[in-house]
Every structure is written in structure tokens, then in C-alpha cells.
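As C-alpha cells, the structure follows; a few thoughts come after it.
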Amino acid sequence: MPIVLTPVWSNGVQKLKVTSAPPSKPAHGLLPPALDDNVHAQRCLAQLRSKDKSIEKYIYLNQLKDADHNMFYRLCLANMAEFTPLIYTPTVGDACLQYSQIYRRPEGLFISIKDKGKIGQILRNWPRKEEARISVVTDGSRILGLGDLGVNGMPISIGKLSLYVAGAGIRPESTLPICLDLGTDTQRHLDDPLYLGLRQRRVPMDVMDAFMDEFMEEMAAAFPKLLIQFEDFATDKAFGYLERFRDRHPLFNDDIQGTGAVVLSGFINAAKLASAASGRPLSDHRILLQGLSDDEARERIYLVDSQGLIFDGRGPMAEHKKYFSRKDYNGPPLKDLTEIINYVKPTALLGLSTIKGAFNQSVIETMSALNPRPIIFPLSNPVRLSECEFHEAVEWSQGNVLFASGSPFPEEEFNGRMMYPGQGNNMYIFPGLGLGAILSRASKVTDSMVEASSLGLADALTADERAADLLYPRIERIREISGAIALAVIRAAQKAGVDRSPDLRTKSDAEVLAFVREHMWNPQ
Ligand SMILES: O=C([O-])CC(=O)C(=O)O
Ligand SMILES: [Mg+2]
């Protein structure tokens, strides 16, 4: 039975009464005489579709999930392509921006810097401690490409966890959204009378480090079976906390590892199609991580930031950029993207800049002149920050682009042929990666498990999907895909010796897959 947190007000302060949901069959007379489940599903869809603004649809669906999670997930699974852009990217970005305005009732756990010293106590307030299996934790410091949203980042944790339930069949009661409040440096929120977080600037790094140490230790004590997904921490913190905790706790960072895995997967499938068109071998690509030594792979990767191509001669740079900084370039700074493309001659272009329009006509035409099938992945989220739109990439490449974006775009017709945009979004990875880590009871998430999730996804394309030049499977098959990814992840966990489910070791692949399927929750 789902828990219900009922807000009650006392002397101007909101308290929560924790109850279980009402019995699924209320006493006779409490329901309309002709209420029928299947008809009600139609009614809910009609109510949803009657709203013309995405944010209104988001609010409706959030209420539906709260009131009747079986109906919510049933409709979600039957209409994945319609629902994911509403409960997740891009609409969840608007929900975050407006969270303090559209907030209706509490969901998840909020832990603030003021709670330092008693975080354990607060975690134990979560009503379903024994069942918690997966938590998505954000500090709101870099929500999608929208910047520091402070406590308004909570919907991102909630949205990701809805996809764990829909996409991997994690039980709703096993999900734990957490938003950490360490302040915000966005003045607009500090000035907003409705803002739901602490009205203070972000605390210094050493204070946050001490807070995170206590938080992670108390999480492990309160929830011994929990996997943690770090989400949308600002870049330095994202790298820093992944390194700091990854050997001590079962944990991964979705923006680093989930995005890395999904992009690699789409790239593998795109590179196969591109190589078929150009006749050039896979290892000729200018970005390729497979079958090469670290140094050989690194040579084929060029990073560009707001100041242009990153190279050693340019001067001091952030720690995480150093590994890919070019040693072989020593000319004047190269700033213009078309100019950089003409110098590098890349086969693939990945956008993580959150600069709308960065892949302009000149960029895409230059990529198309260099490659019969240019690989172009504008990955920034949400849609309005994407480096280019699908229709632009199609037109400017004369229909030759191999495309994947972080956020969804509609399909396009070009010269009488339908072209489908890939959605290179980590939603293809994290549900299956998480499911595999949970079912193998992994003590940590190794790089080999992340890599397995990526290769598992790349292999999941059906013959039909390959024939349509798709880079990622159709989202309607997400459960099947998550199952296949979970199997690959479980095997990788076993190989790395971090699994704690010895029974699974002796099972065949078919038996593990059956085990995974049996453990998926289904809406009634
Ligand atoms: O949430 C998404 O759509 C993908 C993601 O993790 C991000 O952009 O930070
Ligand atoms: Mg993210």
C-alpha cells in the first residue's frame, strides 16, 4: 500500500501525518455506480489531453500519480512517447523553474545545511526505510542546463525516479527522492517570496564536504540496501563527490556515467552506419573509445569550451579538462566552431554546451562536407538549450545526419523519407543500470558495470530498428531494454566481484533475465 503524507497546519507550521493509502476497494456507496477501470483510463487520458500547456499536463500527472499510482504508471507504460517529455525532460525543466509556484504537497526528503549534525535523525523520518532501494539525490546546483535552482531542483529527483518505476519496474515504494539545500547563488530565487528553500548563498566547499560526509555515512546506516544516483550537481562537485564516495557506497553519477554510457551506445550505432556509408573503418573515427589504448583513444578526442579548442599552450584550466587537453596544437587560440571543425576534421560532433544555436548552418554544412554521414549529437537539455534542432540538422545535411539529442524532437520527412531523431538521453541507461546494481546487490558501481550498460543498450536494437537507421531502441520497449541492460550489469558486477547475490552467479543468462522480469513491478 502506498504511503500518504497528509499535510496538516498547526500554528502556521506545516506538519505531516503519515498514513497508508485508503483501501483499494472503498465501502459501497463511496464510488460512482458505473466507475470502470478501463473507462477511467480513457477519462484520465482525455483530461490530460484537454490541457494545452505542458506544465499543466505535468501538474495533472503529478496529482494523478499521487492519487492513483497504478493508473498513472499504467497510462505511462502504454503511452511512453507521450508521457516521458511531460514527466521528464523537457517539461520537468519548467517544473523545476516554477517549483516554488506550482508546489502543492511534499514529496521526498529535504535535507538542509541547518540539519548538519542530525542528518541521521531526519533520514529515519522517511516512512518506508526497509523498502528503500534507489535514491536520486540532487543539490540543485546545475539542473539540466538551467543553472543553480537550489531547492527547486526537487522535481528532477522525482522525475528520474518515475522513470525507474516505469522503465525498470522498481516498486514505487522503493524510491526515495532527495533534495539537499546548501543555499543557492541565484538571486532570482533568493528574492522570490514563494521560494521554498533556505534564503542564503551556497555554503563554501569545505562546509559542503563535511555535510556530504555526514550525509553519505548516515544514508548507508539508515538504508543498508540503497543505491544512490547523484544528479545535477555542478560539474566540479559532480566529479569531486563521485570520486570521494564511489569506493565506499553503491553509487553512480547520472550526468557523468549515465550520459557517458548513453552517448557511447548511440555513437557505436552511429559509427557503424557512418562507416558503412564512407567505407572508412571504425578506428578512423575522430572519437572512438573501443579497441584502442587510452592514449590512442585520447588522440581522437578534441574538447572545445567557451574559449574554443582546449590545448596545453592556452594556459591554466580546470582539472577535469586536463586529460583531453591537446598537446599537438600550438597555434593561436581556435575559437570559431567551424574553424575548429576544419582543423580537426571530426566524424562526430557532440554538444554539451547549453548554447542554443551553437551548431549553426555553417557548422552542420562543414560537417556534411567532411563526412557522407556526419554524426551530430546536440545533447544539451532541455529542448530550448539544444545546440540545434532536428529539422535544421536534417535540412543542412541534406538528410544525411546521424542525429541524437538530449531532449526529444519530432520526426521529420526529407525527400519522401521519414527520419527519426535519436534521443541520446540517460533515461535509456539509468533504469537498467540501477536495476542491475540493485538485483546483484552490488557493493559499488564499477566502470565496467557502466560500460556493460552502454554496450547492452547498443546491442538492444532490433533488426527493424537497425533498418530504420535508429541509434537507440524505440522508447516503448524500455522495459525489455532495461531488462537486457540489467543482465549485462549483473554479469559485470559478478566479474568485478562486487555482487552480493551469490544465487545469481550460477544461473544462465535466460534464468537471470527471467529473475529480472519477475522482480519488475507492474501497475495493476
Ligand atoms: O535529465 C535529463 O534529461 C538528462 C540529464 O541528466 C541532464 O541533462 O542533466
Ligand atoms: Mg542530469
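Taken together, the values in this text are just the output of simple stated rules run on the coordinates, not laboratory data. Note that the coordinates shown come from a computational prediction; the quantities given were computed from them, not determined experimentally. Here the Cβ is made from the backbone with ideal geometry for all residues, glycine too, and neighbour counts use every protein chain on show.
State, in angstrom, two size descriptors of region 39-249 derived from its alpha carbons: Rg to one decimal place and Dmax to the nearest whole number.
17.2, 56
Which whole-percent values make up P(r) of region 300-352 when all C-alpha to C-alpha distances are grouped in 10 Å steps starting at zero?
Answer for region 300-352: a P(r) of 23, 63, 14 percent.
Which one of T354, G308, L385 is farthest out on the positive end of the charge dipole of region 292-415, using unit charges on Cβ (Lys, Arg +1; Asp, Glu -1) and the Cα centre as origin?
Final value for the positive-end residue is G308.
Once you compute Rg and the Kirkwood Rh from C-alpha atoms, what is the Rg to Rh ratio for region 471-519?
Using only Cα positions, Rg/Rh for region 471-519 is 1.02.
If I stretch the segment between N360 and A221 completely, what's the gain in nm (0.36 nm per residue apart, minus their alpha carbon distance), one decimal?
45.0 nm
Find the relative contact order for region 298-381 and round it to a whole percent, using C-alpha pairs within less than 8 Å whose residues are 6+ positions apart.
Numbers: 90 pairs, mean separation 22.3, N = 84.
Relative contact order here is 27 percent.
In whole angstrom, how far apart do the alpha carbon centroids of region 115-135 and region 210-279 sit?
Rounded to whole Å, the Cα centres lie 22 Å apart.
In debye, nearest 20: dipole of region 388-524 around its Cα centre with unit charges on the Cβ of K, R (+) and D, E (-)?
Working: 13 positive and 19 negative charges, 179 e Å.
Magnitude of the dipole: close to 860 debye.
If I fit a long axis through the Cα atoms of helix 447-458 and take the longest principal axis of the Cα atoms of the chain, what angle between them do I get, 0 to 90°, rounded to 10?
80
With a cut-off of 8 Å between alpha carbons and a minimum separation of six or more residues, what is the relative contact order of region 301-347 in percent?
Reported as a whole number, the value is 40 percent.
Assuming 0.36 nm per residue, please report the length gained on full extension of the stretch E476 to Q398 beyond their Cα-Cα distance. If you can, show how the numbers build up before the last one.
Details: separation 78, 0.36 × 78 = 28.08 nm, distance 2.88 nm.
So the extension gain works out to 25.2 nm.
Straight distance only, please: which lysines reach the Cα of K17 with their own Cα at less than 17 Å, same-chain residues fewer than 8 apart left out?
List returned: K129.
Over the chain, what is the mean sequence separation of C-alpha contacts under 8 Å (at least six apart), divided by residue count, expressed as relative contact order in percent?
14
Over what distance in Å are the Cα centres of region 405-444 and region 326-390 separated?
22
Taking the Cα-to-Cβ direction at K15 and at K495 and moving 7 Å from each Cα, how far apart do the two end points lie in nm?
My value for the distance between the label points is 5.5 nm.
Going by alpha carbons, how many degrees (0 to 90, nearest 10) lie between the helix axis of 37-49 and the longest principal axis of the chain?
For helix 37-49, the angle is close to 60 degrees.
Take the Cβ-Cβ distance between E518 and E339 as r, set R0 to 56 Å, and report the resulting FRET efficiency rounded to the nearest 0.05.
According to the calculation, E is roughly 0.50.
Mind checking which aspartates and glutamates have their C-alpha under 19 Å from K53, skipping anything on the same chain fewer than 8 residues away?
E82, D94
Quick one: what does P(r) look like for region 165-258 with 10 Å bins over all Cα pairs, in whole %?
Here the calculated profile for region 165-258 is 13, 40, 33, 13, 0.
Restrict the search to region 456-498; then list the GluC sites (Glu not before Pro) that DSSP places in a loop and that have at most 15 other Cβ atoms within 10 Å of their Cβ. Provide the component values of the computation, followed by the final result.
Values: sites: E465, E476, E480; in loops: none.
For GluC sites (Glu not before Pro) across region 456-498 that sit outside H, G, I, E and B with at most 15 neighbouring Cβ atoms in 10 Å, the list is empty.
Straight-line reach only, C-alpha to C-alpha below 30 angstrom: list the lysines that K322 could link to, leaving out same-chain residues fewer than 8 apart.
K237, K272, K335, K345, K356, K444
Using the alpha carbon gyration tensor of region 102-173, what are the three equivalent-ellipsoid semi-axes (square root of 5 times each eigenvalue), largest first, in whole Å?
Semi-axes, largest first: 20, 19, 11 Å.
At 222 nm, what value in deg cm²/dmol follows for the chain if DSSP H runs of at least 4 each add -39500 (n - 2.57) and the sum is divided by all its residues, to the nearest 500?
-12500 deg cm²/dmol
Along region 159-168, what does the Karplus equation 6.51 cos²θ - 1.76 cosθ + 1.60 (θ = phi - 60°) give for ³J(HN,Hα), rounded to whole Hz, x for Gly and Pro?
For region 159-168, the Karplus-derived couplings read x, 4, 5, 4, 6, 4, 5, 5, x, 10 Hz, x marking Gly and Pro.
Taking K and R as +1 and D and E as -1, what net charge do the other residues with C-beta under 13 Å from the C-beta of I134 add up to?
Net charge in that neighbourhood comes out at +2.
For the residues L504, L303, what sequence is obtained by ranking on other C-beta atoms within 10 Å, fewest first?
Going from sparsest to densest Cβ surroundings: L303, L504.
Rg and Dmax of the chain over Cα atoms: what are they, in angstrom?
Considering the chain through its Cα atoms, Rg and Dmax are 23.4, 81 Å.
Could you rank the peptides 46-52, 365-371, 269-275, 481-487 by their average count of other C-beta atoms within 10 Å per residue, with the highest value first?
Working: 46-52: 11.9, 365-371: 19.3, 269-275: 21.3, 481-487: 27.6.
Ranked by mean Cβ neighbours within 10 Å, highest first: 481-487, 269-275, 365-371, 46-52.
What order do you get for 172-182, 210-220, 34-44 when each peptide is scored by the mean count of other beta carbon atoms within 10 Å, highest first?
Output ranking for 172-182, 210-220, 34-44: 172-182, 210-220, 34-44.
Hey, what angle do you get for helix 235-245 against the long axis of the chain, alpha-carbon based, 0 to 90 degrees rounded to 10?
The two axes meet at around 70 degrees.
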